[in-house]
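The values are calculated or read from the model by the stated rules, or taken from the named source; none is laboratory data. Since the structure is predicted, the reported quantities are computational estimates derived from the model, not experimental observations. Every residue, glycine among them, receives a Cβ derived from its backbone with ideal geometry; neighbour counts consider all protein chains shown. The area values use the complete protein model at the heavy-atom level, side chains included, leaving out ligands, DNA and RNA. Shrake-Rupley method; radii C 1.70, N 1.55, O 1.52, S 1.80 Å.
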Amino acid sequence: MRHPIRLYLIIMNVLIVFTHPNPASFNHALLDKVSAGLKEAGHSIKVKDLYQENFDPILSASDLDQLHKGEIPSKIAKEQEQLLWADSLIFIYPLWWFGRPAMLKGWFDLVLTNGLAFEYSSDGVKGLLKHKRALVLITAGGSRKYFEDTDALQLIHRPTTDGTLSFCGIKDVSHEIYYDIANISNEERLEILDNVEEMGRTF
Ligand SMILES: Cc1cc2nc3c(=O)[nH]c(=O)nc-3n(C[C@H](O)[C@H](O)[C@H](O)COP(=O)(O)O)c2cc1C
């Protein structure tokens, strides 16, 4: 007897952390497309647009003081609630000085606290977010050739994939880097946008 093929769709809560100051940017188009794909697949999404929210990325002396006393400042607790809501995380940002925009770096500084995202144990550091997965989409002004020739490729994604997400236990991380973004043709941009929508649909 033939069995029908059953396709199971796992519906997820997806938090998209978006970092670009310009709502007319290519980065914003990536956000729109991946969101459309995710919605089409039935996932619940929350978009955290750091610039639009006027997010305060500064981990202040009083924040640190509270954290050292085991208290979570309310501005951090609010962010952590969204992080814990999410089964999956998507980060979209432009490469700035071979790294993440300061706004996003600040979000990581504030949100991924000791005790919530990782902890120190007798076996070393233990990541606590190991049931989450992540996708990282980065645009770069430089060409792929430039990054390959200068051996700088790993500088782009390692701070987020290894230094941050993997450290916190998120091992299932995919990332895409879109090079030469100011010089590619319109057709190439549209192709990237189609691919990103599909990534959302099949996430
Ligand atoms: C402050 C700043 C720093 C940048 N640093 C880099 C860099 O280190 N490497 C690189 O390839 N592009 C760099 N760029 C170019 C951006 O990555 C590029 O403009 C962006 O990815 C384009 O995306 P958009 O059209 O959505 O703004 C930088 C741009 C700015 C404004």
Seminar exercise, completed: Residue pairs qualifying under the 7 Å Cβ cut-off, at least six apart or on distinct chains, with the first in segment 132-147 being more than 14 Å from Phe91 (Cβ to Cβ) and the second being among the aliphatic types (A, V, I, L, M) and open to solvent by 10 Å² or more (accessible area, probe 1.4 Å), are Ala140/Leu95; Ala140/Ile177; Ala140/Ile181; Gly141/Ile181; Gly141/Ala182; Phe147/Leu153
Seminar exercise, completed: Checked segment 149-180 for anything open to solvent by less than 30 Å² (accessible area, probe 1.4 Å), touching a strand residue (DSSP E or B) at 6+ places or on another chain (Cβ under 7 Å) and of a type outside the set (Gly, Ala, Ser); matches are Ile156, Thr160, Thr161, Leu165, Cys168, Ile170, Ile177, Tyr178
For this session: Restrict the check to segment 90-99 and report whether at least one residue is under 21 Å from Glu53 (Cβ atoms) and touching a Phe, Trp or Tyr at 6+ places or on another chain (Cβ under 7 Å).
Result: yes
Exercise. Got a number for residues in segment 167-188 being in a strand (DSSP E or B) and more than 13 Å from the ligand (Cβ to nearest atom)?
Worked result: 4
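Determine, yes or no, whether Ile58 is within 16 Å of the ligand (Cβ to nearest atom), under 28 Å from Leu155 (Cα atoms) and in contact (Cβ under 8 Å) with a residue 24 or more places away in the chain.
Working: within 16 Å of the ligand (Cβ to nearest atom): no; under 28 Å from Leu155 (Cα atoms): yes; in contact (Cβ under 8 Å) with a residue 24 or more places away in the chain: yes.
For Ile58, the condition - within 16 Å of the ligand (Cβ to nearest atom), under 28 Å from Leu155 (Cα atoms) and in contact (Cβ under 8 Å) with a residue 24 or more places away in the chain - is not met.
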Exercise. Looking only at residues in segment 20-51 that are surrounded by fewer than 18 Cβ atoms within 10 Å (Cβ to Cβ) and among the hydroxyl-bearing types (Ser, Thr, Tyr), which one is farthest from the ligand (Cβ to nearest atom)?
Worked result: Ser44
Exercise. Which of the residues belonging to segment 62-104 are surrounded by 18 or more Cβ atoms within 10 Å (Cβ to Cβ), within 16 Å of the ligand (Cβ to nearest atom) and part of a helix (DSSP H, G or I)?
Worked result: Met103, Leu104
Exercise. What do you reckon, is Gln52 in a loop (DSSP other than H, G, I, E, B) and either in contact with a Pro (Cβ under 8 Å, 6 or more places away or on another chain) or more than 26 Å from Phe147 (Cα to Cα) (or both)?
Worked result: yes
Exercise. Which of the residues that make up segment 105-125 are surrounded by fewer than 14 Cβ atoms within 10 Å (Cβ to Cβ), modelled with pLDDT of 95 or more and charged (D, E, K, R)?
Worked result: Glu119
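Could you tell me which residue of segment 105-131 is nearest to the ligand (Cβ to nearest atom), considering only residues that are among the hydrophobic types (A, V, I, L, M, F, W, C), touching an Asp or Glu at 6+ places or on another chain (Cβ under 9 Å) and touching a residue at least 40 places away in the same chain (Cβ under 8 Å)? Steps first, please.
The initial filter retains those residues of segment 105-131 that are among the hydrophobic types (A, V, I, L, M, F, W, C), namely 107-108, 110-112, 116-118, 125, 128-129.
Still in the list and also touching an Asp or Glu at 6+ places or on another chain (Cβ under 9 Å): 107, 110-111, 125, 128.
Among the residues that remain, those that are also touching a residue at least 40 places away in the same chain (Cβ under 8 Å) are: 107, 110, 125, 128.
Numbers: Trp107: 17, Leu110: 21, Val125: 29, Leu128: 31 Å.
The residue in question is Trp107.
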